[in-house]
1. Output the number of the condition that Asp135 fails; it satisfies all remaining conditions of (1) open to solvent by 50 Å² or more (accessible area, probe 1.4 Å); (2) within 22 Å of Ile101 (Cα to Cα); (3) at pLDDT 90 or above.
2. Which strands (runs of 3 or more DSSP E) sit wholly inside region 57-137 and have at least 2 residues that are within 14 Å of the chain's Cα centre (by Cα) and of a type in the set (Val, Ile, Thr)?
3. Select from region 25-41 the residues that are modelled with pLDDT under 95 and either in a strand (DSSP E or B) or more than 20 Å from the chain's Cα centre (by Cα) (or both) and list them in ascending order.
4. Which residue pairs have Cβ atoms under 9 Å apart, sit 6 or more places apart or on different chains, and have a first residue in region 152-169 that is in a strand (DSSP E or B) and a second that is among the basic types (Lys, Arg) and open to solvent by less than 50 Å² (accessible area, probe 1.4 Å)?
5. Within the group Leu132, Leu83, Leu119, Leu128, which residue is in contact with a Gly (Cβ under 7 Å, 6 or more places away or on another chain) and either farther than 30 Å from Ala227 by Cα or of a type in the set (S, T, N, Q) (or both)?
6. Determine, yes or no, whether Tyr122 is more than 19 Å from Arg35 (Cα to Cα), among the hydroxyl-bearing types (Ser, Thr, Tyr) and modelled with pLDDT of 95 or more.
7. When you look at Lys195, is it basic (Lys, Arg), assigned to a loop (DSSP other than H, G, I, E, B) and modelled with pLDDT of 85 or more, yes or no?
8. With the requirement that a residue be modelled with pLDDT under 50 and surrounded by 12 or more Cβ atoms within 10 Å (Cβ to Cβ), what does region 10-24 give you?
Amino acid sequence: MVKIFLAFSFLFTAVTFQCAGQDISGYWKGTLSMRGCFPENNIELQINAKGNVLAGDSYHYQDIDNYVKKNFRGSFDRASKKLTLQEGIVTTYHIPQRCVICVKNFELIYYREGNKETLKGYWSGNVLNSTLSCDGGSIVLTRIRESAFKEIPEIKVDTGTIRLDFYDNAQIDGDSITVMVDKQVVMTHQRLSAKPLTTYVRIDKNNTFHEIEMVAENLGSIPPNTAVLIITAGKNRHLLTLSSSEGKSARIRIIYDEDISKTGQTIAASLIKSPDN
């Protein structure tokens with residue numbers, strides 16, 4: 001009997017320790033039941049946990065081309081497994097003009113059943129820079145392995161003009177590309193080589209969102225069409241490797257931030273219409 005009791009005590013302690021030490025960092029996806037401009041209201045929380053302190057980014061989106069990105073902060077009570085999150089600064093958005101932005105709060109409980117991990121609870125919120133409610137309601141998020149936005153890098157810049165230099169990646173094999181900025185062609189049918197294909201982009205400071213797209217005109221002798229892109233923005237340089245095919249282009253998003261150390265403070269208040277995002 002003593003042995004059974006000790007075994008049970010050990011098992012209980014192990015389970016309790018596992019729950020208490022649970023790392024909730026990662027990607028969590030759910031849906032929101034709310035009226036708005038998106039036919040589908042998806043949300044992704046990218047949680048970074050350090051002890052009981054939580055921080056990260058939230059994406060409210062219809063798809064990867066229509067979304068609002070905000071940062072959040074919060075806390076995790078390991079005894080009750082409760083997460084409390086408050087969205088703060090809007091860092092990026094690309095939504096129809098008729099839409100407005102909703103800043104949300106979440107109260108969630110962590111659950112695990114077998115290999116499935118979920119966050120269940122409630123959300124509430126207000127339209128950006130107002131007291132108008134966004135309704136709110138229940139929500140369930142499930143842990144996912146990868147972000148829906150992983151294939152589209154975001155580069156923050158704090159200058160009005162950036163330089164784009166495209167090079168062939170590794171072996172020169174005859175790759176040709178077309179480059180578009182915000183759906184406008186800035187170079188077309190250009191062959192990549194060891195010398196850069198250079199273009200300059202004027203950043204609209206009244207719009208925090210710009211998208212660069214590289215379209216493969218051919219696949220060269222070694223598919224897929226790959227390029228190295230160096231983005232020069234003031235004193236900052238960003239190096240990316242892009243890969244595109246005949247059916248899929250490569251995209252990068254440029255986010256203008258007047259002061260990168262104070263991300264998002266340049267975003268102006270939206271007109272109050274209806275709480276959509």
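The values are calculated or read from the model by the stated rules, or taken from the named source; none is laboratory data. None of the values given here were measured: they were computed from a predicted structure. Quick reminder, even Gly has a Cβ in these numbers, built from the backbone with ideal geometry, and neighbours come from all protein chains shown. Each accessible area value is taken on the protein alone, full model and side chains, heavy atoms only, with ligands, DNA and RNA left out. Shrake-Rupley method; radii C 1.70, N 1.55, O 1.52, S 1.80 Å.
1. It is condition (3) that Asp135 fails.
2. Of the strands (runs of 3 or more DSSP E) lying wholly inside region 57-137, those with at least 2 residues that are within 14 Å of the chain's Cα centre (by Cα) and of a type in the set (Val, Ile, Thr) span 82-94.
3. Start the filter on region 25-41 by keeping residues that are modelled with pLDDT under 95, which leaves 31-41.
If the condition is that a residue be modelled with pLDDT under 95 and either in a strand (DSSP E or B) or more than 20 Å from the chain's Cα centre (by Cα) (or both), then Thr31, Ser33, Met34, Arg35, Gly36 are the ones that fit.
4. Between residues of region 152-169 that are in a strand (DSSP E or B) and residues that are among the basic types (Lys, Arg) and open to solvent by less than 50 Å² (accessible area, probe 1.4 Å), the close pairs are Glu154/Lys69; Glu154/Arg253; Ile155/Arg253.
5. Leu83
6. On the way: more than 19 Å from Arg35 (Cα to Cα): no; among the hydroxyl-bearing types (Ser, Thr, Tyr): yes; modelled with pLDDT of 95 or more: yes.
Criteria not met by Tyr122.
7. yes
8. Selection gives Cys19 alone.
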